[in-house]
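To keep things clear, I will list the structure first and then write my remarks on it.
A short reminder: the numbers here are calculations on the coordinates, not readings from a lab. It should be emphasised that the depicted structure is a prediction, and the values quoted were computed from it without experimental measurement. No Cβ is skipped: glycine too gets one built from the backbone with ideal geometry, and neighbour counts run over all protein chains shown.
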Amino acid sequence: MKITPARPDDVSKLIAFREEAAAWLSRLGSDQWQRPYPADRLAAAIEAGSVFMVMDGDLTAATITLSPEAEEGLWTDEELAEPSIFITKLTVARTHAGQDLGGRVLNWACDRAYRGGATWLRLDAWTTNEPLQLYYLQQGFEHVRTVRAGGAVNGGPRVSGWLAQRRTAPTKHGFENAPA
Ligand SMILES: CC(C)(COP(=O)(O)OP(=O)(O)OC[C@H]1O[C@@H](n2cnc3c(N)ncnc32)[C@H](O)[C@@H]1OP(=O)(O)O)[C@@H](O)C(=O)NCCC(=O)NCCS
């Protein structure tokens, strides 16, 4: 398997991929990701070189987005002063689940962030999704705090306010052709 930056014509593939994940999450009883992700924001992230795809031959096995920019209103000024990479939209295809592919992608992100000079790999996970939070704790992240207010809809509850971080380090991941 290899990791490659997404191309502009991957937008529809990535949207379908996310819809598949949302359908699985709904079957698990979670309300996570039930609102479709805006295609224009995805296209902009691809253009910025932030979106990566894990390819298993021609199949998309996973995706992750890495950005030096944080979502507004989550992290303090002191935290933002520390060099960090923010990960979003980590998704593994159900065909590839249960093989720790997500863990390998997180290791890759940790390694890449370290090489890029960041101290922290940071994320905001779905506020109400405890199994997902447990997953990140098992992947070496520490919970920083949960931000509950200031959501996108009328400043209401934050759907994605469970903040966590993992210190970056040189990390083995085993992917081919990972871009430097
Ligand atoms: C999180 C994810 C990338 C991990 O991939 P993976 O390494 O292949 O691991 P698995 O998919 O086997 O998941 C590991 C465990 O976490 C659980 N889990 C993962 N994401 C979950 C979620 N969003 N909600 C509830 N449980 C979740 C799985 O059910 C599984 O539990 P099990 O071990 O009891 O079967 C993948 O599960 C995924 O795509 N989840 C949906 C999208 C998502 O929530 N991404 C995180 C965005 S912050």
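Can you put SER67, SER50, SER26, SER12 in order, fewest other beta carbons within 10 Å first?
SER12, SER26, SER67, SER50
Quote the relative contact order of region 2-167 in percent (integer), defining contacts as alpha-carbon pairs under 8 Å separated by 6+ residues.
Once normalised by length, the contact order is 18 percent.
Give me the aspartates and glutamates in straight-line cross-link reach of LYS13: C-alpha distance below 15 Å, same-chain residues under 8 apart excluded.
Once the sequence-local aspartates and glutamates are set aside, what remains near LYS13 is ASP40, ASP56, ASP58.
Classify region 2-167 as rounded, prolate or oblate from the Cα gyration tensor: take a ≥ b ≥ c as the square roots of its eigenvalues, call it rounded if a/c is under 1.5, otherwise prolate when a/b beats b/c and oblate if not.
rounded
Using 0.36 nm per residue of separation minus the Cα-Cα distance, give me the extension gain between LEU28 and GLU142 in nm, one decimal.
Here the answer is 38.6 nm.
Arrange ARG112, ARG145 by Cβ neighbour counts within 10 Å, fewest through most, would you?
ARG145, ARG112
Between ARG41 and GLU78, with labels modelled 7 Å along Cα→Cβ, what's the label distance in nm to one decimal, could you check?
The answer from the label model is 2.9 nm.
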